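The values are calculated or read from the model by the stated rules, or taken from the named source; none is laboratory data. None of these values were measured; they are calculated from a predicted model. We place every Cβ from the backbone using ideal geometry, glycine too, and count neighbours over all the protein chains shown. Calculation scope for accessible area: heavy atoms of the full protein, side chains included, ligands and nucleic acids excluded. Shrake-Rupley method; radii C 1.70, N 1.55, O 1.52, S 1.80 Å.
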Amino acid sequence: MKKESISKNIIEISELNKWYGDFHALKNINLNVKEGEIIVVCGPSGSGKSTLIRCVNFLEKFQEGSILVDGTELTDDAQKIRKIRSEVSMVFQHFNLFPHLSIIDNLTLAPIWVHNETKAESREKALKLLDRVGIKDQAEKYPNQLSGGQQQRVAIARSLCTSPKIMLFDEPTSALDPEMISEVLDVMIELANEGITMICVTHEMGFARKVANRIIFMDDGQIVEENDPENFFTNAESDRLQLFLNQILTH
Amino acid sequence: MPINELQATRNPPKSQIGALLWIKENLFSTWMNGALTALSLYLLYISVPPLLNWLLISANFNFGTVNIFGFSLQFGEEMATNSNCGRNAACWPFIYEKFDMFIYGFYPREELWRPNTVFALTALLFVAVRLTNNLKHKNRILVGLLISYPVVSYILLLGGFGILPTVETYKLGGLMLTLIIAAVGIIISFPIGILLALGRQSELSTVRFFSVMYIEFIRAVPLITILFMASNVLPLFFDAGVTMDKLVRALIAITLFQAAYMAEVVRGGLQAIPKGQYEAADAIGLSYYQKNILIVLPQALKISIPNIVGSSISLFKDTTLVLIIGLMDFLAVVTGAAADKEWLGRHLEGYVFVAMVLWVMLYTMSRYSKKLELRFNTENKN
């Protein structure tokens, strides 16, 4: 299931620092992600984990350090950013589907407008993806007619539409009712097994244990600890991680 | 503990429904409410009967012989004149006699088929918009119609280009002029307003600065001032020989004025769009223009429909101010019509007629906006 890859780094983050006004949100982050690697980022709220992955597709600007995505360095250059965004997809906590467009139009928007695909081919691909996430029959509905779990699966299908190399998940199950979490996690697990590079911010430790190659624990804007799943849960080195694990695993 | 059986649904108790109960609950629920009801009834009693008397009961409807689509209808022996109408009630033959003036101003009487054709085309356009809904090349047809409509209307109304005899703009008047000014003002100000609203939210500080400056300047000045400036100051910018049409100047003033208000209305809609929508649009790689045109504006404009219509209605009413720069709009022709020595002093009938027509049009507009809201409401469609 988990494969030890010896492939190249697809994301290289070095010396990354970010401030919101005076607040030092990310402190000296260094992180390399290999192609096909599944990384889970966890930590208490406000620890900077969402900010970190939002830097990777430049939804957040940073002041110091550098991020290389598939060899391209992130700068203010609009062309480069669009190129990177077509390779890096993101799934949001609140789905952020476009409520004025039907499900199928949500999916085909980027292929048609960003990748210049024809309506017919993008539609065919979109239907395949909807089939894969199990909601092909809802294609003509509007987002607000679906349940939260279905909306998040649509959001995942939408982010797959552009055939990205990297998927970023920003707490994809946090806004869902408990009974809908597993349907979304199942889709994510399936994706993980297909070898796409993933960085997931999530507190679903069962998911992390099952598919992650590495788990990263962040606190106070820094990476405190990173380890493979077995050692992460059993051999926490820092007190902060131990405390965090105690808090979330006792339930 | 026993398991409860499923309960059948029942109608509410009799005491909860019925007209008497409604009256009791809504009109006489408290002592204060009862007093207000009584006061309202009294005010209606002293105002409605005299009003109806003036408008209808004692009013003069002697139009003489009226031809409608080939049918001759007889209203009274012959048309009443100003003197045998009486002063205590409405004299509607005045409106009938001056009807062409109310609608067309001083437009040459032998050319009235031209504005009539424009009216008919306008009605057809609305029908066409509904009918093309299911056609294949819907958007192309609509764009074609929307581009050709103003061109055709312009040629019909003002002539020129060797096709039709020219009609000078000062001959346009009445309801027709009011509609032209309102329509041009509302339609042209709309895209300008959208650009200003986007400019106000732009990340480029110069664009933002000029948008804010423009919007705040215009909104802080009454329309009347802008009309005066357009009619008196604008010509100073041109060479002595160049004269700019009075109507064009009024149209520019009204459009610039309305654009600032439209910008604020659209900005309200833009601010209601959650940040997540912008982020999702960015994340899938849309450019700035794609993001706004495909994602943000469709949602923002939809939210803004009630306010866009509200603002358009108030512009429609404000167009009556053009009378101060000497344009004979719907309201201004009342003075003209009542200055006719045959019908001296019949202002009141004129103003009542204008008020009724405007009310019908504006109320229709506001109902139409309600329908639009429902039609575009995909978010909560179930």
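If the requirement is being aliphatic (A, V, I, L, M) and farther than 29 Å from B:Glu264 by Cα, which of these qualifies: B:Val309, B:Val360, B:Val354, B:Val322?
Answer to the selection: B:Val354.
Against the condition under 30 Å from B:Ile324 (Cβ atoms), open to solvent by 70 Å² or more (accessible area, probe 1.4 Å) and either within 14 Å of chain A (Cβ to nearest Cβ) or of a type in the set (Ser, Thr, Tyr) (or both), how does B:Thr243 come out, does it pass?
Here the answer is yes, as B:Thr243 does meet what is asked.
Please work out which residue is farthest from the other protein chains (Cβ to nearest Cβ), limiting yourself to the range A:63-114 and to residues that are aliphatic (A, V, I, L, M) and touching a strand residue (DSSP E or B) at 6+ places or on another chain (Cβ under 7 Å).
Result: A:Leu68.
Here are some conditions: (1) among the aliphatic types (A, V, I, L, M); (2) free of Cβ contacts under 8 Å to residues at least 40 places away in the same chain; (3) assigned by TED's automatic domain parsing to the domain that holds B:Leu179. B:Val66 meets all but one. Which one does it not meet?
Of the numbered conditions (1) among the aliphatic types (A, V, I, L, M); (2) free of Cβ contacts under 8 Å to residues at least 40 places away in the same chain; (3) assigned by TED's automatic domain parsing to the domain that holds B:Leu179, the odd one out for B:Val66 is (3).
Just the residues that are over 20 Å from A:Ile84 (Cβ atoms), among the hydroxyl-bearing types (Ser, Thr, Tyr) and open to solvent by 20 Å² or more (accessible area, probe 1.4 Å), please, taken from the range A:9-57.
Correct list: A:Tyr20, A:Ser45.
Any idea which of (1) assigned by TED's automatic domain parsing to the domain that holds B:Ala332; (2) without any contact (Cβ under 8 Å) to a residue 40 or more places away in the chain is the one B:Ile3 doesn't satisfy?
(1)
Take the residues of the range B:245-290 that are more than 23 Å from B:Phe228 (Cα to Cα) and not in a helix (DSSP H, G or I): which is nearest to the chain's Cα centre (by Cα)?
Looking at the filtered set, the residue picked out is B:Ala272.
Can we say A:Ala120 is under 14 Å from the mean Cα position of the chain (by Cα) and either away from chain B (no Cβ under 14 Å) or at pLDDT below 95 (or both)?
No; evaluated as a whole, the condition is false for this residue.
Restricting the range A:69-88 to residues that are in contact (Cβ under 8 Å) with a residue 24 or more places away in the chain, out of contact with any Leu (no Cβ under 7 Å at 6 or more places or on another chain) and closer than 15 Å to A:Ile53 by Cβ, which is surrounded by the fewest Cβ atoms within 10 Å (Cβ to Cβ)?
Checking each candidate, the answer is A:Glu87.
Between a residue in the range B:120-132 that is without any contact (Cβ under 8 Å) to a residue 60 or more places away in the chain and any residue that is among the charged types (D, E, K, R) and assigned to a helix (DSSP H, G or I), which pairs come within a Cβ distance under 9 Å, given they are 6 or more apart or on different chains?
B:Thr132/B:Lys138
Okay, residues lined up against (1) over 29 Å from B:Leu156 (Cα atoms); (2) surrounded by 12 or more Cβ atoms within 10 Å (Cβ to Cβ); (3) of a type in the set (Lys, Arg):
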| position | (1), (2), (3) |
| --- | --- |
| B:Leu39 | yes, no, no |
| B:Asn53 | yes, yes, no |
| B:Asn67 | no, no, no |
| B:Glu77 | yes, no, no |
| B:Thr81 | yes, yes, no |
| B:Ile103 | no, yes, no |
| B:Arg114 | no, yes, yes |
| B:Leu124 | no, yes, no |
| B:Lys138 | no, yes, yes |
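Among the residues of the range B:223-232 satisfying the criterion of being of a type in the set (A, V, I, L, M, F, W, C) and open to solvent by 60 Å² or more (accessible area, probe 1.4 Å), which is nearest to B:Thr178 (Cα to Cα)?
Only one residue fits best here, namely B:Ile224.
Out of everything in the range B:202-222 that is among the hydrophobic types (A, V, I, L, M, F, W, C) and open to solvent by less than 100 Å² (accessible area, probe 1.4 Å), what residue ends up being farthest from B:Ala260 (Cα to Cα)?
The selected residue is B:Val207.
For the range B:85-95, what are the residues that are in a helix (DSSP H, G or I) and not hydrophobic (A, V, I, L, M, F, W, C)?
Scanning the range B:85-95 gives a single hit, B:Pro93.
Of everything in the range B:276-310, what is more than 9 Å from chain A (Cβ to nearest Cβ) and surrounded by fewer than 17 Cβ atoms within 10 Å (Cβ to Cβ)? Give them in sequence order.
B:Tyr289, B:Ile293, B:Pro306, B:Gly310
Scan (1) in a helix (DSSP H, G or I); (2) farther than 22 Å from B:Arg130 by Cα for the single condition B:Leu327 breaks and write down its number.
(1)
Go through the range A:1-43 residue by residue and tally those that are part of a loop (DSSP other than H, G, I, E, B), modelled with pLDDT of 90 or more and out of contact with any Ser or Thr (no Cβ under 9 Å at 6 or more places or on another chain).
Of the residues in the range A:1-43, 3 are part of a loop (DSSP other than H, G, I, E, B), modelled with pLDDT of 90 or more and out of contact with any Ser or Thr (no Cβ under 9 Å at 6 or more places or on another chain).
For the range A:130-172, which residues satisfy the criterion of being within 19 Å of A:Ala110 (Cα to Cα), assigned to a loop (DSSP other than H, G, I, E, B) and more than 11 Å from chain B (Cβ to nearest Cβ)?
Matches in the range A:130-172: A:Val133, A:Ala139, A:Glu140, A:Ser163, A:Lys165.
Say whether the condition of being without any contact (Cβ under 8 Å) to a residue 12 or more places away in the chain, open to solvent by 20 Å² or more (accessible area, probe 1.4 Å) and of a type outside the set (A, V, I, L, M) is met by at least one residue in the range B:318-326.
no
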